[in-house]
Amino acid sequence: MASTVTLSRRSLLKGGAASVGGLVLGFRVGGALAQAQQAAPKVPPPNAWLRIAPDGTTTVVSNTTELGQGTMSAIPQILADELDLPWEQVRVEMGELVMALSHPMFIGLLPGVVGMGTGGSAGVAGQFDYIRRIGAAAREMLVAEAARRWGVPAAECAVADGRVLHGTSGRAAGYGELAEAAMALPVPADPKPKPKEQWRYIGKPVPRLDLPAKVDGSAVYGVDVKVPGMLVATLMHCPVPGGRLVAVDEAPAMAVKGVKAVVRLPAAVAVVAAGYWQARQGLERLSPDWDLGPNAKLDQGTIARTLAEGLDRAAVPAEITGNAAPKFRGAARVVQATYGVPYVAHACMEPMNATVHVRDDGVEVWAPVQAPGLIPRDLAKLLGVPADKVAVHTTFCGGGFGRRALADYVEQAALVSRAVKAPVKLVWSREEDIRHDFHRPAAACRMALALDAAGKPLAFAARVSCPSLSKALPSPPALPMKDGLDRLGVQGLTPTAYDLGDREVLYHAADIGIRIGPWRSVGHSHNSFFLECFIDEAAAAAGVDPVEFRRRLLAARPRYLKVLETAAAAAGWGGALPPGRFRGIAIADSFRTIVAQVAEVSVTGSRVRVHRVTCAVDCGLAVAPDSVRAQMEGSVMWGLGAALHGEITIEGGRVREGNFDGYRVLRMAEAPAVDVHIVDSGERMGGIGEPGVPPVAPAVANAVSLAVGRRIRSLPLAKEGFVFA
């Protein structure tokens, strides 16, 4: 990847252009917040996304944070196709915060907020058509400029390998020669993207543009940021969520060489020093006085009772179709089961960190964040500064998984910087990161299915008891609660592609004092576990093979059927297995992508080994098939780690786990082989960063259930007494 050009805060806010040798086509933002709050233009000027150097090297600016998911190659693939660029001339960088030109898709992260953001598996799917139109507009403008110079009709010109060609005369001009004048032309109102048959890169493997920097160490993650005069801070939170700092004696920390200051925050204390080690040594000498607040007596028993009681308390309807009650009374058989999942952590490999400089004339932020577009608004409210005086530079992220959509750590760094009047890099310890995460909520679910004498579903009922993620988030959520219903709490249960007869799905918002936040695949991560394990139980009750049972339920959904059958066939479903091995299957639809997975496991006593996961994925068009496979592989490992080990436990309001010894993630020796099959349905593009997670846990649990002869209804499997190899 080419070295990143960093816009200064001043040039960004004034709407100036960045420069890097020769000709540069940089951002034209406009400094007024009023402009930033306007809807994004239908086709913004291409120079907000492209810089074409005199030698034809083209830098593509990504509107999406690179979390490892591959958008820094997929987005350039789209633009390179529209411009017919040689791949070796393409460069990429993450964009500075360009509020006025962000795609409307990213307003969807939080309603009414214009800004860049990465979430909902929408890094490519959410802006594919938009980026194509930008590329098409740039191509038409380059052609128009060449045609003007040559005095020929634009229709007689074509593009190839970064040049505009005039076939009749044989003339040619490189984009570098044309770019400066071309970008001064009016932006076409209705540019025409290339038809699929002319695509050169989309849907094909290309070398990832972000990998060289990650391999040679030049990639800048949040913890790598260095700015002149920077100090380093670390902190200690009140051990119980909801508590606050009462007092602290600063003297022990200030006695450590290199410590510059102790900063009191509402629910934490930070130590600022010349480096992290000095700050950490100073912090460890402090003995803060905490008010532990209302959650000081919270424990596992209280959490379990609250969730269980929620299954019998007043609930709001998420889906009512037909009249389920009479179908249950007249059923030949009713299948019932109750499931549960615990709180789990994000445990990103790079702990939370941010570098912030609060100055008299504004604020500058360098941080690994998923929603940089929200930071100006949040810091404006926190610090009392105009939002258009906040500049945000997004770094690479060492994992995001939804955790970095929240900016609490950026706000803390801003408060510390303001207190010490210097730029400050705040770095959380691993223990703080796990104990003070915004955890995925624990949840419980009770289900019932009425079957007729032939094993056909007549009616389905489900009740979910789960803390409200929408209510708990510090900013307005993408799916706000309405009449007590949190749609995030029932994601994966409703809607569902299965034909289950009449339906009744109810939701109860369980009130528990744990900080919660979006976790990779959000509600799908637990509701798909509930539903897919239950479908297996229903298949057994009906005396039908689990794949065949799903086929019947999906008979009217051919797209789902194809994914299901692709996974089953590739895994050899129904074929002979070595002694002691078992298969389990699950299918889930999330973020407009369908994924089916077959887990092959062996169980010897209490020892479980997941040998292989076969995955079929239909995401519509796969822009970058290598990235699709990589995301499926990574999702399997992520979801499997949580299924086997993931659990946050509470005692006296405090999280017990504090590092990877207590909060286990998947280890190399436990990793299965993963076989990915991409199903091209030609349907509308879906997301890819999260949809591989939901089927993993139920596929494994269904296989283990067959092996041990009893149903697995809760996670993690380690809590069921299993060990792993």
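Could you name every one of the strands (runs of 3 or more DSSP E) located completely within segment 251-301 that has at least 3 residues being in contact (Cβ under 8 Å) with a residue 40 or more places away in the chain and closer than 17 Å to W428 by Cα?
Because the criterion is at least 3 residues that are in contact (Cβ under 8 Å) with a residue 40 or more places away in the chain and closer than 17 Å to W428 by Cα, the strands (runs of 3 or more DSSP E) in segment 251-301 that meet it are 259-265, 268-273.
In segment 183-224, which residue that is among the hydroxyl-bearing types (S, T, Y) and touching a Ser or Thr at 6+ places or on another chain (Cβ under 9 Å) is surrounded by the most Cβ atoms within 10 Å (Cβ to Cβ)?
So, considering only residues that are among the hydroxyl-bearing types (S, T, Y) and touching a Ser or Thr at 6+ places or on another chain (Cβ under 9 Å), the one surrounded by the most Cβ atoms within 10 Å (Cβ to Cβ) is Y221.
Looking at this structure, is V227 touching a residue at least 40 places away in the same chain (Cβ under 8 Å), more than 30 Å from I512 (Cβ to Cβ), open to solvent by 20 Å² or more (accessible area, probe 1.4 Å) and part of a helix (DSSP H, G or I)?
no
Give segment 625-647 a look and list any residue that's under 15 Å from P698 (Cβ atoms) and not in a helix (DSSP H, G or I), or say none.
The answer is G646, and nothing else.
Exactly one of these conditions fails for S681: (1) within 17 Å of T593 (Cα to Cα); (2) without any contact (Cβ under 8 Å) to a residue 12 or more places away in the chain. Give me its number.
With respect to (1) within 17 Å of T593 (Cα to Cα); (2) without any contact (Cβ under 8 Å) to a residue 12 or more places away in the chain, S681 is out only on (2).
Being over 20 Å from the mean Cα position of the chain (by Cα), assigned to a strand (DSSP E or B) and buried (at least 24 other Cβ atoms within 10 Å of the Cβ), is that true of even one residue in segment 567-578?
no
Taking the condition at pLDDT 95 or above and under 28 Å from L298 (Cβ atoms), does M481 pass? Can you show your working first?
Values: at pLDDT 95 or above: no; under 28 Å from L298 (Cβ atoms): yes.
No: the conditions fail for M481.
Please determine, by comparing only the residues of segment 151-174 that are assigned to a loop (DSSP other than H, G, I, E, B) and within 44 Å of the chain's Cα centre (by Cα), which one is surrounded by the most Cβ atoms within 10 Å (Cβ to Cβ).
So, considering only residues that are assigned to a loop (DSSP other than H, G, I, E, B) and within 44 Å of the chain's Cα centre (by Cα), the one surrounded by the most Cβ atoms within 10 Å (Cβ to Cβ) is G162.
Scanning segment 556-566 for residues that are within 16 Å of T593 (Cβ to Cβ) and among the charged types (D, E, K, R), which turns out least open to solvent (accessible area, probe 1.4 Å)?
That would be R559.
Right, I320: part of a strand (DSSP E or B) and β-branched (V, I, T) or not?
Judged against the criteria, I320 is a match.
I want to confirm something. Restricting to segment 257-299 and keeping residues that are of a type in the set (S, T, N, Q) and open to solvent by 50 Å² or more (accessible area, probe 1.4 Å), which single residue is nearest to V240 (Cα to Cα)?
Ranking the candidates gives S287 first.
Which numbered condition in (1) farther than 30 Å from G543 by Cα; (2) surrounded by fewer than 21 Cβ atoms within 10 Å (Cβ to Cβ) is the only one that A454 fails?
Exception for A454: condition (1).
Identify, from the list R463, R503, the residue that is touching an Asp or Glu at 6+ places or on another chain (Cβ under 8 Å), in a strand (DSSP E or B) and open to solvent by 10 Å² or more (accessible area, probe 1.4 Å).
Of R463, R503, the one residue that is touching an Asp or Glu at 6+ places or on another chain (Cβ under 8 Å), in a strand (DSSP E or B) and open to solvent by 10 Å² or more (accessible area, probe 1.4 Å) is R503.
When you scan segment 478-492, do you find a residue that is touching a Lys or Arg at 6+ places or on another chain (Cβ under 6 Å) and within 21 Å of A308 (Cα to Cα), even just one?
No, every residue in segment 478-492 fails to be touching a Lys or Arg at 6+ places or on another chain (Cβ under 6 Å) and within 21 Å of A308 (Cα to Cα).
Determine whether segment 662-683 contains at least one residue that is of a type in the set (D, E), out of contact with any His (no Cβ under 7 Å at 6 or more places or on another chain), in a loop (DSSP other than H, G, I, E, B) and within 19 Å of A442 (Cβ to Cβ). Walk me through how you get there before you give the answer.
Keep residues of segment 662-683 that are of a type in the set (D, E), which gives 670, 675, 680, 683.
Next, only the ones that are out of contact with any His (no Cβ under 7 Å at 6 or more places or on another chain) stay: 670, 675, 680, 683.
Filter once more, so that each one left must be in a loop (DSSP other than H, G, I, E, B): 680, 683.
So of that shortlist, the ones also within 19 Å of A442 (Cβ to Cβ) come out as none.
No, segment 662-683 contains no residue that is of a type in the set (D, E), out of contact with any His (no Cβ under 7 Å at 6 or more places or on another chain), in a loop (DSSP other than H, G, I, E, B) and within 19 Å of A442 (Cβ to Cβ).
Only residues in segment 150-176 that are on the phi > 0 side of the Ramachandran plot count as the first member; pair them with residues that are modelled with pLDDT of 95 or more and aromatic (F, W, Y), Cβ under 6 angstrom, at least 6 apart or cross-chain, and list the lot.
As it stands, the answer is G162/Y175, since those pairs meet every condition given.
The values are calculated or read from the model by the stated rules, or taken from the named source; none is laboratory data. Treat the numbers as computed from the prediction; the structure is a model and nothing was measured. Reconstructed Cβ throughout: ideal geometry from the backbone, glycine too, with neighbour counts over all protein chains shown. To get the accessible areas, we keep the full protein, side chains included, count just its heavy atoms, and leave off ligands, DNA and RNA. Shrake-Rupley method; radii C 1.70, N 1.55, O 1.52, S 1.80 Å.
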